[in-house]
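Peer 1: Encoded as structure tokens, here's the structure I'll be asking about.
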Amino acid sequence: MTLSQFVWTIVKILIMAGFVLNLAAILTWADRRQSSMIQDRIGPNRAVIKVFGKEFRLAGLLHPAADGLKFFTKEDFMPPKADKLLFMLAPIIAMGMVFTLVTTVPFGDTVCMHEFLPRFPNIFVGPAVPRWGSCSADVKSGYFPIDLMVAPLGVGILFVFAMSGQGIIGAAIAGWSSDNKFSLMGALRAASQMVSYEVTLGMSLIGAMMIYGTVRLDDMVRWQSDHAWGIFVQPLAFFLFFTAAVAENKRIPFDLPEAESELVSGYFTEYAGMKFGMFYFAEYAEVVTGSMLLVTMFLGGWALPFFHRDGLTIAFGGVTLVHLLIPHFWMTLLGVLTFFGKVIVICWVQVFVRWTLPRFRYDQLMKLGWRVLLPASLANILVTGVVWLVLDEAGPEVADALRLAADLTQALVVVVLSYLVFKLLRGWFAPFKHERTLLGSSAEQAGKLGGTKSTAMQA
Amino acid sequence: MEPLDIDLDEGELELPADPMHLNMGPSHPAMHGTVRIVLELSGETIVKADVQVGYLHRGFEKMCERGTWAQVFPYVDRLNYVSPMLNNVGYALAVEKLCGIAVPERCQWYRMALGELARISDHLTCNGAMAMELGAFTPFLWFVKAREMVWDILEEETGARLTHSFGRIGGMANPPTADFKAMCGMAVGKILGLVEEGEKMLLKNRIFIDRLQNVGPISGAEAVSLGWTGPCLRSTGIAYDIRKAHPYLKYDEVDFDVPVGTRGDTLDRFLCRLGEIRQSKRIIEQCIERMPDEGPINSDDPRVVLPGKTDVYTTIEGTIQHFKLIMEGAKVPAGEVYSYTEGGNGELGYYLVSDGSGTPYRVRIRPPCFQITGGLHRLIEGRMLADIVPTFGALNMIGGECDH
Amino acid sequence: MSQLVLDKLKARFGAAILATHSDFGDDTALVEPAQWKAISTFLREDPDLDFDLPVDLCGVDYPSRGAAGRTEVVMHLYSIGKKHRIRLKARVGDEDMDGAELESVTSIWPGMNWLERETWDMSGVRFVGHPDLRRILMYPEFEGHALQKTYPADRIQPLVPYRTEEEAGVPLEKQAPFGPDEGMAFGRTANNISRAEVD
Amino acid sequence: MGDVNRTLALDASEQGYATTRVDALLGWARKYSLFAYPFVTACCGMEFMALTSPRFDLARFGAEAPRFSPRQSDLLWVVGTISQRQAPVLKRIYEQMMAPKYVLAFGTCASSGGFYDNYTTVAGIDKIIPTDVYIPGCPPRPEAVMDGLMLLQDRIARNERRPGIVKPRFDPVQAASGLVQLRRSAKDPSEVLPAIQQEEAKTKALREGGS
């Protein structure tokens, strides 16, 4: 590995880790703010920072910062009968696995350095790279392609499975080593839940792998970019994967290992201070990584509809409507932003789920896992295989029709996205309607007097 | 050296097979802070449960023996603190039964309307809290929002959000405010709107239904033999509602139904409470329609009812009467009485013993949820740990009432 | 209220029914303690009576009665089908609560289980044959029975040692809402035993 | 279990600027990240529910996140009456909490035992555990509780552990009705007087305009 490769790897790690860490922190905030939005409340907004005498509230974004600082200075605790080593190790494992997981997730298309380096200052206007084909690798002079993933592994998705399976070890040994019955039960639940849903998680992707014909995550995205997004070719697998991913994240309705009303705090009941902070944080980081995988597998990764490596190409079947070449720099930037944008949206959706659903009971969870999700994913594999075989043998007319259908799905994505953006903007600018439901006279009087007044505390 | 081929049949490999003992509560999130359940678990299944109450025993009955008859009202408020007005009215009715006095018609309607408002607040809290403990936080907040509307009215009428101390022997502390009817009329519709919204969110949710259905079922006969009353008994199909069976106040003149369940499981209890909110709305609407706008609110019996302030300040009789009633308390005739009303959880009974002085000799409350909690272990034994949460939530154990 | 229940009881048990009244419409029967369970069984099993709902059970302490049954155990029953109620009373125990025993009726109404425990805990009446007669509202370490009139209302038996003022750094002694002779009605002495008088 | 706060407070006064700044930062963080352990027993629990409700919304202060494991919580809400039987549990929960920990006595019963002056009630949780803020009321109105919480936040920020009590605030309505107001202010009276007069005039105008 040359120095420049090393530097690039460091840069990629920083981007990815920075993104996961920051998004996880923001998610803790989004979780609280969004819940208050659903529940007609305001949510945390008081943490204020004073800069040159001016107060900045930043809509409560500083609350996660306060949480983090507090975790660091909170007294640490080790149960006297705990297994010291495992107790210390558990949060590290829980956190570490999440970050290992993201190393194989591509966050952009391969960057061809030989497009950039020779014409260094003018990279913004340089020509587009060809849509297909790879860049020439001339490592000595620094002209080599850079895969925008931390570890461009050939086994891609298999590594993801391996690592996501390890995440539970943190929870399991945390519960085991805590010397607490609630923790132990939490750990047992976590382990069994993980085993059950890991199977579905893997099975649901086999169909997708058959279609994509690869286990490399970046190749999967390329296939989706060229054809149709995974959600269209494998709709059932998408929902199975989504469900299983939420279950792996241990969030409501699958938060049995830490079910507050049953097991106090589940497997991390005995953890305090920063160790608890790591578990707390790892949970949100898992949401981010789960969303990343979902985006990569089923939502086209870094790809936008009709945008390819060389630029914008709107084509239906054989008919090309628009063909526009865009410089490589802009395409790369667009890809990266698209990927992170998609991840944020999926995280946001996951947060929505949390606040409304009750949680499962243990046996119901197992039933759902083994009797519904697993057979469904097996059926999905079977159907996918048969359909794939039939279509493969069908002849060129069918292939053309499929081609057109794939392009139409891309168009559909564009339409849906535009509609959502339009609705969002309209909602944003719509006049705000206040409804007052004050009944008592004291509230009325307070309202007449201009609400509560800020007076100095007299205590 | 030990032989390598140990015969596994003979080698006694004894793993500890004792069931795990788990101590839930009293400060466990699902135990409302006042109940402790010592569980014997086999895996996640409950083998044996020992329910222990008494963590909120506040000596209600002993305290009542220290003040006058009227000074019991504040204590009564804090028994079932989710629907204090029902307790107030129940106690007032009990003392009035012992004194042999009747309150004016307007007061009876007023008591009914306030009581039914309190019942709505009780059921909203119970159902909402249960949903929250199952993990659905949002419906709980919507129900609390609806409850705030009830409390707004009660605050306007009584001056306190929660602990009103509004009942008096022979009437109420104050007549209804001018806006009472308007406020009730406005609020009940809005409350029902919020309830329906929450209901939609919960009852169309398969997970929620699965968590409640067939959890903690009990047969009607068993529930009766355990002494259950109220929504928990009615969920088994036995329509024992004191408002219908032995009407007090004006309940025989209003038109309402008694929602009953069929299986007596947790879902039935949940639905019964939702049904009762609707019936309470009907009762309130009839009350505000039929309550006269004019007329006395208090009985005119000078032995128990405080004179008006004008009389106290201007006439010697008024001053003396006021002094005697405040300092010595109303002299309630000697005897014993058991009076029962329909509280938020069931039959709320007061057994009073008077020795003819101004102080109660014995005030015994018959809290509905004491016996209901006494049957809890029958519902959860043999079920899973997670079933405790909805089962216990739907019983609506109120610590103050259960532990006296 | 009909006299049916009381008439049937008198006809069946005769001398064991010591007194009856129907004040305020509540049918009441004072019965011989020895016949407590037999009468209960009859009330539950007679098809005309059919008292299936155990409403309440409590003790009322009358220290002034002396040897003639200091504590009165009061049971309320209701029949859901027949819609009638009855109050059953029995006087047990002497001045020192010796012999304050009754037969348990838990086997007839399972709901009486906790009520009997509570009556034992609060009033000190033992129930013979109760499956699990423990304290229920108070803790096992508690001495005495709180609802007996001789138990001072303010005699605490703390389970955890209180902090000293040095530890706390703030004055801990607060003004009690009631003094020993405050907040009471006049003319009552039996109720108002405070710790000061006992100590 | 070392008492971190006391030491920090000493350091701040003795070691000068840098420590004070760190202290201030820590105070700021702790203030806005109060993970609560609700020790809810009695009537006040109803008001505690109302406090999280949309109308009052405790979450605004960043104090809504309930952690039911005492190890992870910073603020112990003692909501409701503590009986003698409950006292060992409360003490144990307090001991299980990790420093820095704060205790808030919610309601009269928790503060002083309230009107349950009898054989079974602990006359105030400060007989058992140290308490930071007392909120009187039976139960206190949510507004009073929020006052108490803000008082606690203020104390955390200043690293002060003297117990505080929520007192009634200055009530503009009363001032306008001509009731005598007793004021205790460190400032010069002549400085404060115009402000008071201004406030009174404003409320008077409001009342006249409103009614």
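Peer 1: Can you tell me which residue within region D:114-160, out of those that are in a loop (DSSP other than H, G, I, E, B), within 14 Å of chain B (Cβ to nearest Cβ) and among the charged types (D, E, K, R), is farthest from C:Leu159 (Cα to Cα)?
Peer 2: D:Arg141
Peer 1: Which of the helices (runs of 4 or more DSSP H) found entirely inside region D:1-74 contain at least 1 residues meeting this: open to solvent by less than 20 Å² (accessible area, probe 1.4 Å), under 25 Å from D:Ala144 (Cβ atoms) and at pLDDT 80 or above?
Peer 2: Ranges flagged: D:17-32, D:44-52.
Peer 1: Given the criterion under 20 Å from the mean Cα position of the chain (by Cα) and open to solvent by 50 Å² or more (accessible area, probe 1.4 Å), identify the matching residue among B:Arg273, B:Arg290, B:Arg282, B:Arg303.
Peer 2: On the way: B:Arg273 fails: open to solvent by 50 Å² or more (accessible area, probe 1.4 Å); B:Arg290 fails: under 20 Å from the mean Cα position of the chain (by Cα); B:Arg303 fails: under 20 Å from the mean Cα position of the chain (by Cα).
After ruling out the rest, the residue left standing is B:Arg282.
Peer 1: For region A:218-302, give me every one of the helices (runs of 4 or more DSSP H) that falls completely inside it and has 1 or more residues that are more than 30 Å from A:Asp179 (Cβ to Cβ). Quick ask: steps written out before the conclusion?
Peer 2: Numbers: elements: A:230-233, A:235-249, A:260-263, A:273-298.
Qualifying helices (runs of 4 or more DSSP H): A:230-233, A:235-249, A:273-298.
Peer 1: Taking into account only those residues within region B:187-217 that are within 20 Å of B:Asp265 (Cα to Cα) and open to solvent by less than 10 Å² (accessible area, probe 1.4 Å), which is farthest from the other protein chains (Cβ to nearest Cβ)?
Peer 2: Checked region B:187-217; the qualifying residue farthest from the other protein chains (Cβ to nearest Cβ) is B:Gly216.
Peer 1: Sticking with this one: For A:Leu61, which of the numbered conditions (1) of a type outside the set (Gly, Ala, Ser); (2) over 15 Å from D:Ala59 (Cα atoms); (3) open to solvent by 50 Å² or more (accessible area, probe 1.4 Å) fails to hold?
Peer 2: Checking A:Leu61 against (1) of a type outside the set (Gly, Ala, Ser); (2) over 15 Å from D:Ala59 (Cα atoms); (3) open to solvent by 50 Å² or more (accessible area, probe 1.4 Å), the one that fails is (2).
Peer 1: Examine region B:250-265 for a residue that is basic (Lys, Arg), under 30 Å from B:Leu212 (Cα atoms) and not in a loop (DSSP other than H, G, I, E, B), and state whether such a residue exists.
Peer 2: The first filter runs over region B:250-265 and keeps only residues basic (Lys, Arg), leaving B:250, B:263.
From what is left, the residues that are under 30 Å from B:Leu212 (Cα atoms) are B:263.
This time we only want the ones that are not in a loop (DSSP other than H, G, I, E, B), so: none.
Taking every residue of region B:250-265 in turn, none turns out to be basic (Lys, Arg), under 30 Å from B:Leu212 (Cα atoms) and not in a loop (DSSP other than H, G, I, E, B).
Peer 1: Any residue in region C:91-105 that's of a type in the set (Val, Ile, Thr): show its pairings with residues that are at pLDDT below 85 at Cβ separation under 6 Å, as long as the two are six or more apart or on different chains.
Peer 2: Qualifying pairs under 6 Å: C:Val92/C:Gly69; C:Val92/C:Ala100.
Peer 1: Taking the residues in region A:62-94 that are under 29 Å from the mean Cα position of the chain (by Cα) and aromatic (Phe, Trp, Tyr) as candidates, determine which candidate is farthest from the other protein chains (Cβ to nearest Cβ).
Peer 2: Here is the first cut: in region A:62-94, the residues under 29 Å from the mean Cα position of the chain (by Cα) are A:62-72, A:86-94.
Checking which are aromatic (Phe, Trp, Tyr) leaves us with A:71-72, A:87.
Numbers: A:Phe71: 8, A:Phe72: 9, A:Phe87: 12 Å.
Among residues in region A:62-94 that are under 29 Å from the mean Cα position of the chain (by Cα) and aromatic (Phe, Trp, Tyr), the one farthest from the other protein chains (Cβ to nearest Cβ) is A:Phe87.
Peer 1: For region C:100-111, indicate whether the set of residues that are out of contact with any helix residue (DSSP H, G or I) (no Cβ under 7 Å at 6 or more places or on another chain), acidic (Asp, Glu) and farther than 30 Å from C:Ser64 by Cβ is non-empty.
Peer 2: Applying the first criterion (out of contact with any helix residue (DSSP H, G or I) (no Cβ under 7 Å at 6 or more places or on another chain)) to region C:100-111 yields C:100-101, C:107.
Okay, now just the ones that are also acidic (Asp, Glu), so C:101.
With farther than 30 Å from C:Ser64 by Cβ added as a condition, the list becomes none.
No, every residue in region C:100-111 fails to be out of contact with any helix residue (DSSP H, G or I) (no Cβ under 7 Å at 6 or more places or on another chain), acidic (Asp, Glu) and farther than 30 Å from C:Ser64 by Cβ.
Peer 1: Taking the conditions exactly as written (surrounded by fewer than 24 Cβ atoms within 10 Å (Cβ to Cβ), modelled with pLDDT of 85 or more and within 14 Å of chain D (Cβ to nearest Cβ)), does B:Glu40 satisfy them or not?
Peer 2: Details: surrounded by fewer than 24 Cβ atoms within 10 Å (Cβ to Cβ): yes; modelled with pLDDT of 85 or more: yes; within 14 Å of chain D (Cβ to nearest Cβ): no.
In short, no.
Peer 1: Please give the number of the condition B:Pro175 fails out of (1) touching a Lys or Arg at 6+ places or on another chain (Cβ under 9 Å); (2) open to solvent by 30 Å² or more (accessible area, probe 1.4 Å); (3) within 11 Å of another protein chain (Cβ to nearest Cβ).
Peer 2: That leaves (3) as the condition not met.
Peer 1: Answer yes or no as to whether D:Lys127 is over 30 Å from A:Gly277 (Cα atoms), free of Cβ contacts under 8 Å to residues at least 12 places away in the same chain and touching a Leu at 6+ places or on another chain (Cβ under 8 Å).
Peer 2: Numbers: over 30 Å from A:Gly277 (Cα atoms): yes; free of Cβ contacts under 8 Å to residues at least 12 places away in the same chain: yes; touching a Leu at 6+ places or on another chain (Cβ under 8 Å): yes.
Judged against the criteria, D:Lys127 is a match.
Peer 1: Give me the pairs: first residue in region B:171-183 and in a loop (DSSP other than H, G, I, E, B), second residue modelled with pLDDT of 85 or more and hydrophobic (A, V, I, L, M, F, W, C), beta-carbon distance under 7 Å, and six or more apart or on different chains, which are they?
Peer 2: Going by the 7 Å Cβ cut-off, the qualifying pairs are B:Ala173/B:Phe166; B:Pro175/B:Ile297.
Peer 1: If I go through region D:68-103 residue by residue, how many of them are under 27 Å from D:Glu160 (Cα atoms), facing chain B (nearest Cβ under 10 Å) and charged (D, E, K, R)?
Peer 2: 1
Peer 1: One residue is enough: does region B:82-91 have a residue meeting the conditions buried (at least 24 other Cβ atoms within 10 Å of the Cβ), modelled with pLDDT under 90, outside any helix (DSSP H, G or I) and facing another protein chain (nearest Cβ under 9 Å)?
Peer 2: Scanning region B:82-91 turns up at least one residue that is buried (at least 24 other Cβ atoms within 10 Å of the Cβ), modelled with pLDDT under 90, outside any helix (DSSP H, G or I) and facing another protein chain (nearest Cβ under 9 Å).
Peer 1: Return the pairs, sorted by first residue and then second, in which the second residue is among the aromatic types (Phe, Trp, Tyr) and open to solvent by 30 Å² or more (accessible area, probe 1.4 Å), the first residue lies in region A:164-184 and is over 16 Å from A:Ala259 (Cβ atoms) and assigned to a helix (DSSP H, G or I), the beta carbons are less than 8 Å apart, and the residues are 6+ apart or on different chains.
Peer 2: Filtered contacts from region A:164-184: no entries.
Peer 1: For the condition more than 14 Å from chain D (Cβ to nearest Cβ), over 18 Å from the mean Cα position of the chain (by Cα), among the hydrophobic types (A, V, I, L, M, F, W, C) and crowded, with 24+ Cβ neighbours inside 10 Å, what is the one hit in A:Leu263, A:Leu256, A:Leu236? So that I can check it myself, show each step before the final result.
Peer 2: Details: A:Leu263 fails: more than 14 Å from chain D (Cβ to nearest Cβ); A:Leu236 fails: crowded, with 24+ Cβ neighbours inside 10 Å.
Only one candidate qualifies: A:Leu256.
Peer 1: Do we find that C:Trp36 is of a type outside the set (Val, Ile, Thr), touching a residue at least 40 places away in the same chain (Cβ under 8 Å) and within 11 Å of another protein chain (Cβ to nearest Cβ) in this structure? It would help to see each step written out before you state the result.
Peer 2: Numbers: of a type outside the set (Val, Ile, Thr): yes; touching a residue at least 40 places away in the same chain (Cβ under 8 Å): yes; within 11 Å of another protein chain (Cβ to nearest Cβ): no.
In short, no.
Peer 1: So which of A:Trp355, A:Trp348 is closer than 20 Å to A:Pro253 by Cα, touching a residue at least 12 places away in the same chain (Cβ under 8 Å) and open to solvent by 60 Å² or more (accessible area, probe 1.4 Å)?
Peer 2: Numbers: A:Trp355 fails: open to solvent by 60 Å² or more (accessible area, probe 1.4 Å).
Result of the check over A:Trp355, A:Trp348: A:Trp348.
Peer 1: What is the number of the single condition among (1) within 14 Å of chain C (Cβ to nearest Cβ); (2) within 30 Å of B:Glu44 (Cα to Cα) that B:Tyr350 does not meet?
Peer 2: (2)
Peer 1: For B:Gly170, indicate whether it is open to solvent by less than 10 Å² (accessible area, probe 1.4 Å), more than 12 Å from chain A (Cβ to nearest Cβ) and of a type in the set (Gly, Ala, Ser).
Peer 2: Details: open to solvent by less than 10 Å² (accessible area, probe 1.4 Å): yes; more than 12 Å from chain A (Cβ to nearest Cβ): yes; of a type in the set (Gly, Ala, Ser): yes.
Against the criterion (open to solvent by less than 10 Å² (accessible area, probe 1.4 Å), more than 12 Å from chain A (Cβ to nearest Cβ) and of a type in the set (Gly, Ala, Ser)), B:Gly170 qualifies.
Peer 1: Sort out which residues of region B:99-124 are facing another protein chain (nearest Cβ under 10 Å) and crowded, with 24+ Cβ neighbours inside 10 Å, and write them in order of number.
Peer 2: B:Ser121
Peer 1: Going by the conditions given, is B:Gly335 under 17 Å from C:Arg85 (Cβ atoms), in contact with a Pro (Cβ under 6 Å, 6 or more places away or on another chain) and not hydroxyl-bearing (Ser, Thr, Tyr)? Step through it out loud before you land on a result.
Peer 2: Values: under 17 Å from C:Arg85 (Cβ atoms): yes; in contact with a Pro (Cβ under 6 Å, 6 or more places away or on another chain): no; not hydroxyl-bearing (Ser, Thr, Tyr): yes.
No: the conditions fail for B:Gly335.
Peer 1: Just the residues that are among the charged types (D, E, K, R) and surrounded by fewer than 24 Cβ atoms within 10 Å (Cβ to Cβ), please, taken from region B:228-270.
Peer 2: First, the residues of region B:228-270 that are among the charged types (D, E, K, R): B:234, B:241, B:243-244, B:250, B:252-253, B:255, B:257, B:263, B:265, B:268-269.
Of everything in region B:228-270, those that are among the charged types (D, E, K, R) and surrounded by fewer than 24 Cβ atoms within 10 Å (Cβ to Cβ) turn out to be B:Arg243, B:Lys244, B:Lys250, B:Asp252, B:Glu253, B:Asp255, B:Asp257, B:Arg263, B:Asp265.
Peer 1: Further question on the same structure: Identify, by number, the condition in (1) within 14 Å of another protein chain (Cβ to nearest Cβ); (2) touching an Asp or Glu at 6+ places or on another chain (Cβ under 9 Å) that B:Pro302 doesn't meet.
Peer 2: Only one criterion in (1) within 14 Å of another protein chain (Cβ to nearest Cβ); (2) touching an Asp or Glu at 6+ places or on another chain (Cβ under 9 Å) is unmet by B:Pro302, namely (1).
The values are calculated or read from the model by the stated rules, or taken from the named source; none is laboratory data. The shown structure was predicted, so the numbers you read here are calculated from the model rather than taken from an experiment. With ideal geometry, Cβ positions are generated from the backbone for all residues, glycine too; neighbour counts draw on all protein chains shown. When the accessible area is computed, the model is the full protein with side chains, heavy atoms only, and any ligands, DNA or RNA have been set aside. Shrake-Rupley method; radii C 1.70, N 1.55, O 1.52, S 1.80 Å.
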